[in-house]
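Q: Dumping the structure here so I can ask a few things about it.
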Amino acid sequence: MQSRPTFPEIAALPRLPPLSRLALLLDLDGTLLELAPVPSAVRVPHGLPDLLRRLATRLDGALALISGRSIEEVDALFPGLGIAVAGEHGAVLRRAPGLPLERPNLPEIPPDWRESVRTLAAAHPGVLLEEKPHGFVLHFRQAEASATALFAALEKLVAGPRTGFALVPAIMAWELRPACVDKGIAVHHLLQRPPYVGRIPLFVGDDVTDDDGIRAARELGGFGFQVGSTFGTVPRVRSWLLTLAEAGEHGSAGAPCVGL
Ligand SMILES: [Mg+2]
């Protein structure tokens, strides 16, 4: 397995391809936004929507967020931006602003599973249940002692006769989602069509679920970077993106990654 370079190592790259050849694929929470105790408490920094808009322009639209959140949640965080998003780890795609959402046929979570998980979450104070159309996440950031018990209960569900779902570890959370969905598959889907096709993917993410995206970007001849969990790294990513945007606006051929 390839090593996972931490984000600051990107500064060691002498030069990235010019923006006209790149497709920039960015995780959201923990990469562009500081993590919060609960997902609903994240704060979008002033200037980030405009930065993403500028980057999308410089990349001729080849910029997408690849998030575990639903597209509706992403839109609520960036009102009016309408950015390209692979939501729910790629279960739903909006390839470009204004395009209709693409929803591949995915298995539905059995209703009795939802009931079981609601009961499970209620039995563990501090555990937050995040329900999604094709899965759910149990956040235990405020109930770390419950992590093992939660995992065991979820493992029983996915080990049963109704297959097609995967139990995936995330940062302070367990996620259950269709096995045929991950961020790597989302990267491959996006790169098949304009405005991403023919471009070199550059994926940046922070979580275990981002490993698939990192791997896919590399398989496609691109770059994948893991954001470290060190405090201050998220602003560093945003600073680097600002450098990219400004380099593009000033006509640089290579968007040098200096000054990080
Ligand atoms: Mg993340």
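The values are calculated or read from the model by the stated rules, or taken from the named source; none is laboratory data. Model, not experiment: these values are computed from the prediction. Cβ: placed from backbone, ideal geometry, glycine included. Neighbour counts: every protein chain shown.
Q: Give the residues of the stretch 185-212 that are within 15 Å of the ligand (Cβ to nearest atom), farther than 16 Å from Ala84 by Cα and not β-branched (Val, Ile, Thr), sorted by residue number.
A: Gly205, Asp206, Asp207, Asp210, Asp211, Asp212
Q: Can you name the condition, by its number, that Val168 falls short on among (1) β-branched (Val, Ile, Thr); (2) assigned by TED's automatic domain parsing to the domain that holds Asp50; (3) within 15 Å of the ligand (Cβ to nearest atom); (4) under 22 Å from Leu106 (Cα atoms)?
A: Failing condition for Val168: (2).
Q: Then there's this: Which one of these is within 13 Å of the ligand (Cβ to nearest atom) and in the same structural domain as Gly222 (by TED's automatic domain parsing): Ile66, Ile83, Ile71?
A: None of the other options fit; the residue is Ile66.
Q: Checking Gly98 against (1) closer than 30 Å to Leu52 by Cα; (2) surrounded by 15 or more Cβ atoms within 10 Å (Cβ to Cβ); (3) of a type in the set (Gly, Ala, Ser): exactly one of these is not met. Which one?
A: The one condition Gly98 does not meet is (2).
Q: Here's another thing I want to ask about it. For Glu219, state whether it is at pLDDT below 90 and over 14 Å from the mean Cα position of the chain (by Cα). Working first, answer last.
A: Details: at pLDDT below 90: no; over 14 Å from the mean Cα position of the chain (by Cα): yes.
No, not satisfied.
Q: Here's a follow-up. For the stretch 42-59, which positions are in a loop (DSSP other than H, G, I, E, B), surrounded by 15 or more Cβ atoms within 10 Å (Cβ to Cβ) and more than 16 Å from the ligand (Cβ to nearest atom)?
A: If the condition is that a residue be in a loop (DSSP other than H, G, I, E, B), surrounded by 15 or more Cβ atoms within 10 Å (Cβ to Cβ) and more than 16 Å from the ligand (Cβ to nearest atom), then Leu59 is the only one that fits.
Q: Could you please find all residues in the stretch 67-122 being under 16 Å from the mean Cα position of the chain (by Cα) and assigned to a loop (DSSP other than H, G, I, E, B)?
A: Ser67, Gly68, Arg69, Ser70, Phe78, Ile83, Ala91, Arg95
Q: Turning to a different aspect of this structure: (1) more than 19 Å from Glu88 (Cβ to Cβ); (2) away from the ligand (no atom under 16 Å from the Cβ); (3) of a type outside the set (Phe, Trp, Tyr): which one isn't true of Gly224, the others all being true?
A: (2)
Q: Could you list, in sequence order, all residues of the stretch 153-178 that are more than 27 Å from Ala36 (Cα to Cα) and out of contact with any helix residue (DSSP H, G or I) (no Cβ under 7 Å at 6 or more places or on another chain)?
A: Within the stretch 153-178, Lys156, Val158, Ala159, Gly160, Pro161, Arg162, Thr163, Gly164 qualify.
Q: Given the conditions (1) surrounded by fewer than 18 Cβ atoms within 10 Å (Cβ to Cβ); (2) at pLDDT below 95, report the number of the one that Arg177 does not fulfil.
A: Every listed condition holds for Arg177 apart from (1).
Q: Considering the stretch 1-41 alone, what residues qualify as being at pLDDT 55 or above, within 20 Å of Ala245 (Cβ to Cβ) and more than 12 Å from the ligand (Cβ to nearest atom)?
A: Answer for the stretch 1-41, where residues must be at pLDDT 55 or above, within 20 Å of Ala245 (Cβ to Cβ) and more than 12 Å from the ligand (Cβ to nearest atom): Arg15, Leu16, Pro17, Pro18, Leu19, Ser20, Arg21, Leu22, Ala23, Leu24, Leu25.
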